[in-house]
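Input: a single structure, listed below in structure tokens.
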Amino acid sequence: MENIALAEPSAQLSIWALFWQAGWVVKLVMLGLLAASIWTWAIVVDKLIAYARMRSSLNRFEQVFWSGQSLEELYRTLSDRKTTGMGAIFVAAMREWKKSFEKGAKSPIALQSRIDKAMDLALTREMERLEGRLGFLATIGSAAPFIGLFGTVVGIMTSFQAIAGSKSTNLAVVAPGIAEALLATAIGLLAAIPAVIAYNKLSSDASKIAVRMEGFSDEFSAILSRQIDEKVAQKG
Amino acid sequence: MKAGLTTSVVMHAALLGFGLLTLSAPSALEVADVESLPVDIIPIEDLTQIQQGDKTAAVNEKPAPKPTQRPDIVADAQKIGENSVDTEAKPTPEPKPRPVEAADAPPPSPEPTPKAAELPKPEPVKQPEPKPEPVPATEVKPQPEPKQEVKPDPVAETIAAETPEAESVQLPTTAPSPAARPQPPQAQTAKAPDRKEAEKPAKEASAKPKSDEKSFNADEVAALLNKEKPSGGGAKRSAEQASLGGDKSTGGSKLSQSEMDALRGQVQRCWNIPAGALDGEALKVSVKFKLDPSGALEGSPEIIAGGGGDGAARAAAEAARRAVSRCAPYNLPAEKYDAWADVIVNFDPSEMF
């Protein structure tokens with residue numbers, strides 16, 4: 001254990017100096033927490049952008065879908081592009097529909113269930129993409145304070161050992177070590193608080209988007225089911 | 001994801017940079033230098049002991065009487081006052097001196113007379129009669145007379161010059177002097193024959209010449225004077241008004257509260273409280289012991305109360321006795337030995353729980 005804090009009791013107390021005086025365990029903890037904080041904010045920014053895009057694309061698709069345009073045409077324009085959200089669900093359902101009718105489907109019930117499965121799969125993939133990495137925010141939110149506390153405890157232990165070595169209980173000797181150790185907890189809290197808030201907000205946003213997409217898939221499934229019935233009646 | 005990561009990194013870098021620049025070392029806490037207060041431990045004894053004074057007097061900051069610098073006129077004076085005699089009378093304010101202005105006018109004329117008449121005070125009385133007297137006195141007088149002649153003339157001249165003055169001044173003095181004492185004897189003698197008058201002057205003459213010879217002794221006269229002032233009060237000299245106090249100073253003889261506490265502490269240090277004392281009331285012990293002037297125990301401590309009955313009480317009594325003898329040389333103020341020659345200490349374990 002280094003006796004850094006006690007080497008110069010009147011050491012600087014700026015944040016940089018505090019970090020530099022700390023022992024390697026505490027330094028490691030602080031660096032880890034800093035990295036976690038950076039990653040947390042990266043996820044938050046990324047998710048905010050992604051959700052905003054998703055919402056706008058949902059709005060646009062709904063507008064186009066309910067504009068009375070023929071589904072075949074819509075499928076032709078969308079199938080070429082890379083689609084997200086409702087578009088992906090629509091394309092997946094239409095592809096299944098096309099394949100079945102091109103090859104001459106026998107049972108309308110089986111077709112219906114196939115289409116539903118395709119849409120569920122597309123929905124699940126979309127949600128997975130939306131909610132990916134939210135778990136990391138939750139982890140940071142709950143674990144960062146403990147990690148910071150660990151750094152603090154180690155730092156205080158170190159400084160107390162050093163105090164015992166110096167045989168002086170002067171506050172000027174004790175204070176720098178403790179201040180430095182407390183910095184670890186501060187960084188931990190600094191990382192955890194935004195992570196918790198962001199996790200709560202983002203997960204609720206994601207569930208709202210999921211509800212919208214599920215609603216669309218149910219509606220589209222109903223529409224297709226009607227179409228199948230009509231086709232079967234025409235054939236018969 | 002790239003956008004998010006870059007945004008985050010940039011944001012953290014900006015925040016850290018800002019923090020490093022602005023959140024540098026916090027300004028040191030300014031601690032005002034508090035001056036340490038000197039504390040004196042004053043024994044309560046000075047306050048609890050009564051000083052001599054007047055029971056009815058108002059409380060005064062300055063205790064009176066102060067010990068005087070002058071030697072006391074009466075050696076063992078007991079009463080306070082300005083008197084030369086120690087009397088029981090309470091001191092009363094002195095009568096104000098008569099206004100001096102009234103006295104200013106008359107003195108000039110009588111003043112010269114005392115100078116001449118100071119030594120032979122009774123002379124003015126005799127002056128009308130004493131002229132024959134010098135005859136018996138001549139036996140003594142002749143001796144100085146030649147001396148006067150031998151001595152330088154100026155002196156005689158001055159005396160001669162003075163005497164007429166004195167005589168001229170004495171003439172008026174004769175008027176007041178008969179008014180005082182000599183008259184009553186004259187009145188008595190008026191009835192009686194002249195012999196008495198003749199005898200008296202003879203007696204007076206025989207006494208007076210002696211006083212003239214021996215040189216006037218002021219001490220004898222002073223001894224006869226009544227020195228007791230009309231204001232009353234004793235002879236213990238003090239110009240101060242007596243402040244609140246008792247008839248006597250009680251200082252010194254009793255142990256003060258703080259000294260008792262000191263003794264208590266010394267005994268308590270050696271006292272092992274009997275263990276398992278459930279009922280403290282029954283374990284009260286009073287121990288009496290004698291101390292010699294050095295503070296050491298004299299004889300063995302005696303239990304005068306408690307300690308009877310069952311084993312616990314007896315154990316408590318023994319513990320008390322042991323405590324007294326173990327702490328034996330007690331540190332007590334030597335000048336109050338009278339107060340702590342015999343000590344009774346009450347041991348009460350119930351107050352210890």
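Couple of notes before you dig in:
- The residue of region A:113-142 that is surrounded by the most Cβ atoms within 10 Å (Cβ to Cβ), among those that are among the small types (Gly, Ala, Ser) and in contact (Cβ under 8 Å) with a residue 12 or more places away in the chain, is A:Ala122.
- Candidates in region B:3-43 are the residues that are exposed (fewer than 10 other Cβ atoms within 10 Å of the Cβ) and within 11 Å of another protein chain (Cβ to nearest Cβ); of these, the one that is farthest from A:Ala17 (Cα to Cα) is B:Val31.
- Pick from region B:251-292, criterion within 38 Å of the chain's Cα centre (by Cα), in a helix (DSSP H, G or I) and surrounded by 15 or more Cβ atoms within 10 Å (Cβ to Cβ), ranking: modelled with the lowest pLDDT: B:Glu259
- Candidate set from region A:150-203 (those that are polar (S, T, N, Q) and under 40 Å from the mean Cα position of the chain (by Cα)); member that is nearest to A:Tyr51 (Cα to Cα): A:Ser203
- Of the candidates A:Ile178, A:Ile163, A:Ile193, the single residue that is in a helix (DSSP H, G or I) and at pLDDT 90 or above is A:Ile193.
- Top-ranked residue in region A:164-190 [being under 18 Å from A:Trp24 (Cα atoms) and of a type in the set (Val, Ile, Thr); ranked as surrounded by the most Cβ atoms within 10 Å (Cβ to Cβ)]: A:Ile187
- Scanning region B:312-341 for residues that are farther than 18 Å from B:Gly265 by Cβ, in contact (Cβ under 8 Å) with a residue 12 or more places away in the chain and not aromatic (Phe, Trp, Tyr) yields B:Ala312, B:Ala313, B:Ala315, B:Ala316, B:Ala317, B:Arg321, B:Ala334, B:Glu335, B:Asp338, B:Ala341.
- Within region B:287-300, tally of residues that are within 20 Å of B:Asp261 (Cα to Cα), free of Cβ contacts under 8 Å to residues at least 60 places away in the same chain and either in contact with a Pro (Cβ under 7 Å, 6 or more places away or on another chain) or not hydrophobic (A, V, I, L, M, F, W, C) (or both): 8
The values are calculated or read from the model by the stated rules, or taken from the named source; none is laboratory data. Note that the coordinates shown come from a computational prediction; the quantities given were computed from them, not determined experimentally. Note: ideal-geometry Cβ built from the backbone for every residue, glycine included; neighbour counts use all protein chains shown.
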